[in-house]
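Worksheet for the structure shown next.
Laboratory data are not the source of any read-out in this text; all were calculated from the coordinates shown. Fair warning: this is a prediction, and the values are worked out from it, not measured in the lab. Neighbour counts run over all protein chains shown; Cβ positions are idealised from the backbone, glycine included.
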Amino acid sequence: MGLIDDLDALQARAQEMIAAATDAKKLEEARVALLGRKGEITQIMHMMGKVAPEERPVLGKRANELRRMAESLIEHAAGDLKRQAMRELMATESVDVTLPGARPTIGHAHLINQIKEEIEDVFCGIGYTVESGPQVETSYYNFTALNAPMDHPSRSARDTFYVVDNAPGSVAHPEQHAHGESDVLLRTQTSGAQIHIMEHQKPPIYAIVPGTVYRPDTADACHLPQFNQVEGIVVDEGVTFGDLKGTLDYFARAMFGEDRQTRYRPHFFPFTEPSCELDVSCHVCGGKGCSFCKHSGWIEILGCGMIDPNVLINCGVDPDRYTGFAFGIGVERVAALRYDLPDLRTLMTGDMRFLEQF
Ligand code: DAH
């Protein structure tokens, strides 16, 4: 029998073997027996080198056909077996479409943003608008227009982040702003927004401005180099200190509880006269004194005062016709007081075990 007959016989056997493979394991066995390293077809291919040169083209072509046929049959058989297995699985096992899926974790607003929004809600409820101001300011808006003298200590580069002035045509005049490398700074307080608002709106003004402020403090339990304030400004005819007290008493009770007492303690701010700090009776001990309020019974929550006439004049507002009050609330401070946070840095570090509690 010639090699060509061997090839015909092998083809018939290969077809039979592949057809007889009723599962993946048997099919793999057939593949190894035919096309594996020592498989029958592989061996025939190896034999081609020994065939007489004149027979080689015909036999080689036939052997190649056989190999390709076997490969293709095996591939099809494998596909058929897979589909059959899937059909069987679907016939015997049903899919429970009521099984709950993987639940995505839903985030929520950061505590500081929650408190900011709560403060906004309180003031929107009594007719205030919510405004915004730039975080990069000039010393005019952050200090000068707010009546801060040129030698006020808060202007020093130790208390204010000065940044390079990149405005086109700007020239550094260090002699005019001896406190930093330029006249441009990261705002240290939201109070500068009072100036922007009065420059753009005519009284009556009833507005709050929430925003981030910056000071070169090293972060510790009670200080952050970046924190948030909510500024408030009211300018209208006939506004008195009584209006300031009524408004801020209302705010303190809305934020900290109806039964809170308030105390207005004289203080100094360049842009308000008179100025004070507002204390709220301690909600932990009810004002009796405890470790939370450092045994004073009171907790400081904001600075406030009647807008200094100089500030009104700086903004083109007639101080004989209009008066007003302003206040600045520390948002981190309110959060710390509300939740007795021992360390403000936990608000910045992004540890979800802490933040998820709120
Ligand atoms: N800007 C002040 C600060 O950062 C807070 C402040 C005090 C704001 C009195 C005011 C105010 O509007 O009237 O410490």
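Quick look at the numbers
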item: In sequence order, calculated HN-Hα J values of the range 346-355 (Karplus, 6.51, -1.76, 1.60; Hz; x Gly/Pro); result: 4, 6, 9, 7, x, 7, 5, 4, 7, 5
item: Computed lengthening from N113 to D343, 0.36 nm per intervening residue step minus Cα-Cα distance; result: 81.0 nm
item: Net dipole in debye of the range 1-54 [+1 Lys, Arg Cβ; -1 Asp, Glu Cβ; about Cα centre; nearest 20]; result: 300
item: Leading residue at positive end of dipole, the range 97-160 (Cβ point charges), from T98, Y141, S156; result: T98
item: Nitroxide proxy distance, nm - points 7 Å out along Cα→Cβ at H267 and K26; result: 8.9
item: With eigenvalues of the C-alpha gyration tensor scaled by 5 and rooted, the range 236-342, Å; result: 30, 13, 11
item: Under-5 Å amide H pairs with N228, H placed in peptide plane, nonlocal only; result: V213, V331, E332
item: Segment D80-C124, length gained on full extension (0.36 nm per residue, minus Cα span); result: 8.9 nm
item: Longest to shortest principal axis, alpha-carbon extents of the range 1-139, angstrom; result: 107, 52, 20
item: Under-5 Å amide H pairs with C293, H placed in peptide plane, nonlocal only; result: none
item: Within the range 7-81, GluC sites (Glu not before Pro) in DSSP loop having at most 12 other beta-carbon neighbours inside 10 Å; result: E54
item: Cβ charges +1 (Lys, Arg) and -1 (Asp, Glu), total dipole of the chain, debye; result: 1400
item: Neighbour-count ranking [beta-carbon atoms within 10 angstrom, fewest first] of Y264, Y140; result: Y140, Y264
item: Pairwise Lys count, the chain - Cα closer than 24 Å, eight or more residues apart or different chains; result: 10
item: Derived scalar couplings ³J(HN,Hα) [the range 213-230; Karplus, 6.51 cos²θ - 1.76 cosθ + 1.60; whole Hz; x for Gly, Pro]; result: 10, 9, 9, x, 8, 6, 5, 9, 4, 10, 10, 10, x, 9, 8, 10, 10, 10
item: Rounded FRET efficiency, nearest 0.05, which uses the C-beta distance separating C222 from C285 and R0 of 25 Å; result: 0.80
item: Whole-number percent relative contact order across the chain, with pairs defined as alpha carbons under 8 Å at least 6 apart; result: 14
item: For the chain, alpha-carbon Rg over 2.2 N^0.38 Å; result: 1.98
item: Global form of the range 283-358, assessed from the alpha-carbon gyration tensor, a/c cut-off 1.5; result: oblate
item: Shape call, the range 237-290: gyration tensor on alpha carbons, a/c limit 1.5; result: oblate
item: Computed over the range 2-92: relative contact order in percent, which uses C-alpha pairs under 8 Å that are six or more apart; result: 35
item: Dipole moment magnitude, nearest 20 debye, the range 2-92 about Cα centre, only Lys, Arg, Asp, Glu C-beta charged; result: 300
